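Q: Take a look at the following structure, please.
The values are calculated or read from the model by the stated rules, or taken from the named source; none is laboratory data. Just so it is clear, the model here is predicted, and its values are computed rather than measured. Virtual Cβ from ideal backbone geometry, glycine too; neighbours counted across all protein chains shown. Keep in mind that these areas ignore ligands, DNA and RNA; they rest on the heavy atoms of the full protein, side chains included. Shrake-Rupley method; radii C 1.70, N 1.55, O 1.52, S 1.80 Å.
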Number of protein chains: 2
Amino acid sequence: MANFFIDVMGGDYAPDEILKGVEKYLTESNDTNSTIHLFATEEVVNKYNPLFNKYRNIKWYIAKGFIGMGDKPVQALQENHNTTIAMALRKATEVENAVVISAGNTGGVVASSVLTLGLIEGVRRPVIACSIPTKKSNTIVLDLGANIEPKISDFLIYAKLGKLYAQKIYGIQNPSVGLLNIGEEKGKGPRIIQEVHNLLQKEEENFAGNIEGNEVFEGSVNVVVCDGFVGNILLKWGEGLVELIKSKIKEKIEALLGAMPSFSSFSKYLDFLKPFDYSEYGGALLMGVNGYCIICHGRSKKETIANAIKKGSEYAQTGILSSIKELFKTLPKYKEG
Amino acid sequence: MANFFIDVMGGDYAPDEILKGVEKYLTESNDTNSTIHLFATEEVVNKYNPLFNKYRNIKWYIAKGFIGMGDKPVQALQENHNTTIAMALRKATEVENAVVISAGNTGGVVASSVLTLGLIEGVRRPVIACSIPTKKSNTIVLDLGANIEPKISDFLIYAKLGKLYAQKIYGIQNPSVGLLNIGEEKGKGPRIIQEVHNLLQKEEENFAGNIEGNEVFEGSVNVVVCDGFVGNILLKWGEGLVELIKSKIKEKIEALLGAMPSFSSFSKYLDFLKPFDYSEYGGALLMGVNGYCIICHGRSKKETIANAIKKGSEYAQTGILSSIKELFKTLPKYKEG
């Protein structure tokens, strides 16, 4: 029972895979109550509209272009107020339980979201949060690229937002927070990270100290904070690594199957790696803005989009947005450090 | 035909696994010409000396303590001039083709190396370089943690050193260099990274531009430069991810084996993942210092140490050190930017 506003033109495989993702969601879910609002260029609307006639809960909107994957976000925003993402966000502000989804230019989606949805009072910059699989369960990592040069106090806000994510989505009572760093000891890392450590130690009651890259996968903390530059590189590093390992496993299984012809299909043996496959994953939540916005990987295919819609529905149901607003009303305002 | 100087006390599993690694190398290699110099505390020397009596090419040295994994490097250096690593480095300066190996406190090894071996003229700070497996072959990534707040011009030196590594160790004629960043376009990343991009574009003839985390594993460039903070976190992130995936694969294979009892051992099916397993890997080369120093992972076990000795022998044979010295004689001196 949500309203989804989908940027049909965003992503390396748009519009085809985006629309296939919408169809996948519609055919596989029992969701007949939600409305899916699709934003595309006139040409795309005309081409695909007839194929979606069988679904009653689809609405099409014609946008005047879109932000390209290589475009400069701020420039693109200034030059065109009616891109697919800008229109989707504007329409989203008109209804309750609206979830915007885009696999387009990340900077463009972040900047448009801030402009249109606005920031929650107390948040200086938005942050991209994602849940990654660990030995224990899942850990929330943020920022994954919304803000590449955050100020010290931003990390404290990331911690608060990450904790709410862990509480609301995973039901963790009192989530612990780690600061991504190159060593466990307090004096480690660049000066700014040392200062972040001091601030978190002072202001964040459940701060577990520094956490190293490998420890994250142990699941020893529920929330990991880092700057958007490091976070974005990490996410993609992991993605490339998983893809390479997957191809090696495939080679191995194919070699094994040569010896055992009874196994005619092996793709199911790779299913257990899906949680590690970020391009099949459901997208990341943009937090700190006054609305639900899910940013999908530029390389998203139909699975990601279908999962993103499913996840968006969960986010809206948890009411995490009102919890964030409530929390920031009561928090002291930190000086921009 | 090299001289190895090994810090027996460095690492989470020292001295046991370090010495097991030495034994593994000695029993598995045909190397009867090299001398292995072992540096340990008196107690350890007395305990293990008898077990190594059968090997003729071992020399023991008694050090007055060692730098602990949690110690502050500079403080530790000032307080004790006769730690295992300090003595190993000093002794190494007395002979040709000396290779120092330590799995101890990274900061301690780096600082001691600079102090004792000295820097090659033209290099401001040393850098840790490692070769990682990619789809095509191997890519050299540096810095992995020697210098967490490098200056802009340091990246150019990393590029030059990385290229020499690719040339000398992998025989690549004209290696390409990528700058690790969050997007391909020029204006991406924090300001300092944008300036690094400009410098590399101007001064590095085979600069391939920015490279994203996932692209590294495609093997699209031969050398990737990044700061030591990002590099260290990345390396460990990959390590944690590979460990987690390995445990999932093990579970999967065990489940499969339940159905096929004829497979009595499955560990060999995981061998293909070894190149991704940094804790079994042979250690990273500290470049820019006037000598060969291999820094192994703190969690190194005997395999890593044995591999590090093998690799050290290769490094010394390539004469990469004299190539670095030659190159930096001819390079213009870049201002510290």
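Q: Averaging over all projection directions, find the projected area of the Cα convex hull of the stretch B:189-248 and quote it in nm² with one decimal place.
A: 4.9 nm²
Q: What average count of beta carbons from other chains do you get within 10 Å of the Cβ of residues in A:178-187?
A: 4
Q: Can I ask one more? Dividing the convex hull volume of the alpha carbon atoms of the stretch A:283-335 by its residue count, what do you get in Å³ per residue?
A: Once divided by residue count, the hull of the stretch A:283-335 is 73 Å³.
Q: Starting from the Cα of A:Asn30, step 7 Å along the direction of its Cβ; do the same at B:Lys47; then give the gap between the two resulting points in nm.
A: Modelled inter-label distance: 6.4 nm.
Q: Related question: Okay, helix-only estimate at 222 nm for chain B: each DSSP H run of n ≥ 4 adds -39500 (n - 2.57), divide by all residues, round to 500 deg cm²/dmol; what do you get?
A: Result for chain B, helices only: -13500 deg cm²/dmol.
Q: Computed FRET efficiency, Cβ-Cβ of B:Glu205 and A:Asn206, R0 56 Å: what is it to the nearest 0.05?
A: After rounding, the FRET efficiency stands at 0.65.
Q: Now for a separate question. List the pair-distance distribution P(r) of the stretch B:159-261, using every Cα-Cα distance, as the percent of pairs falling in each 10 Å bin from 0 up to the bin containing the longest distance, rounded to whole percents.
A: 14, 35, 26, 13, 9, 3, 0
Q: Which whole-number percent gives the relative contact order of chain B, counting Cα pairs below 8 Å spaced six or more residues apart?
A: Result for chain B is 23 percent.
Q: Just tell me which lysines come within less than 19 Å, Cα to Cα, of B:Lys24; anything on the same chain fewer than 8 places away is out.
A: B:Lys47, B:Lys54, B:Lys59, B:Lys274, B:Lys301, B:Lys302, B:Lys310, B:Lys311
Q: Turning to a different aspect of this structure: Give me the distance between the Cα centres of the stretch A:1-29 and the stretch B:55-111, rounded to whole Å.
A: 59 Å
Q: May I ask you to list, by number, the DSSP H helices of chain B whose Cα span along the axis is at least 30 Å and whose average Kyte-Doolittle hydropathy reaches -1.0 or more?
A: Both cut-offs are met by B:228-259.
Q: Taking a probe of 1.4 Å, how large is the accessible area per residue of the protein assembly as shown, in Å²?
A: For the protein assembly as shown, the per-residue accessible area is 42 Å².
Q: Testing the spin-label approximation: label points 7 Å from Cα along Cα→Cβ at B:Lys186 and B:Lys135. State their distance in nm.
A: In this crude spin-label approximation the distance works out to 2.7 nm.
Q: Separate question: Divide, for the stretch B:65-126, the radius of gyration over alpha carbons by 2.2 N^0.38 Å, where N is the residue count.
A: Taking the Cα Rg and dividing by 2.2 N^0.38 Å, one obtains 1.08.
Q: Only bridges whose two residues both fall in chain B count here: according to DSSP, what percent of them are antiparallel, nearest 5?
A: 30 percent
Q: Projected area of the protein assembly as shown, taken from the Cα convex hull and averaged over every viewing direction, in nm²?
A: If you wrap the Cα atoms of the protein assembly as shown in a convex hull and average its projections, you get 32.6 nm².
Q: I've got another one for you. Evaluate the Kirkwood expression for the hydrodynamic radius of the stretch A:26-177, namely the inverse of the mean inverse distance over all pairs of different C-alpha atoms, and round to one decimal in Å.
A: The answer is 17.8 Å.
Q: Hey, another quick one. Can you pull the mean other chain C-beta count within 10 Å for peptide A:201-212?
A: 1
Q: Still on this structure, I have one more. Order B:9-18, B:284-293, A:233-242 from most to least packed using the mean count of other Cβ atoms within 10 Å.
A: Those peptides, ordered most packed to least, come out B:284-293, A:233-242, B:9-18.
Q: Rounded, prolate or oblate: which one fits the stretch A:1-99, using the alpha carbon gyration tensor with axes a ≥ b ≥ c (rounded when a/c is under 1.5, else prolate when a/b beats b/c, else oblate)?
A: prolate
Q: Any idea what % of Cα-Cα pairs in chain B are farther than 34 Å?
A: Roughly 27 percent, once rounded to a whole number.
Q: Roughly how many nanometres apart are two label points built 7 Å out from the Cα toward the Cβ at B:Glu195 and B:Lys325?
A: Going from the B:Glu195 label point to the B:Lys325 one covers 3.3 nm.
Q: Mind checking the mean number of beta-carbon atoms from other chains within 10 Å of the Cβ atoms in B:59-66?
A: Mean partner-chain Cβ count within 10 Å for B:59-66: 0.
Q: Taking R0 as 60 Å, what FRET efficiency do you get between B:Glu314 and A:Glu79 from their Cβ-Cβ distance, rounded to the nearest 0.05?
A: 0.60
Q: For the stretch B:23-88, run through the trypsin sites (Lys or Arg not before Pro) and keep only the ones in DSSP coil with at most 16 other Cβ atoms within 10 Å of their Cβ.
A: For trypsin sites (Lys or Arg not before Pro) across the stretch B:23-88 that sit outside H, G, I, E and B with at most 16 neighbouring Cβ atoms in 10 Å, the list reads B:Lys54, B:Arg56, B:Lys64.
Q: Under 20 Å Cα-Cα from B:Lys91, which aspartates and glutamates qualify once same-chain neighbours fewer than 8 residues away are excluded?
A: B:Asp7, B:Glu42, B:Glu79
Q: Counting DSSP beta bridges with both partners in the protein assembly as shown, what percentage is antiparallel, nearest 5?
A: The antiparallel fraction comes to roughly 30 percent.
Q: Using a Förster distance of 56 Å, how high is the FRET efficiency between A:Val95 and B:Ile253, based on the Cβ-Cβ distance and rounded to 0.05?
A: 0.70
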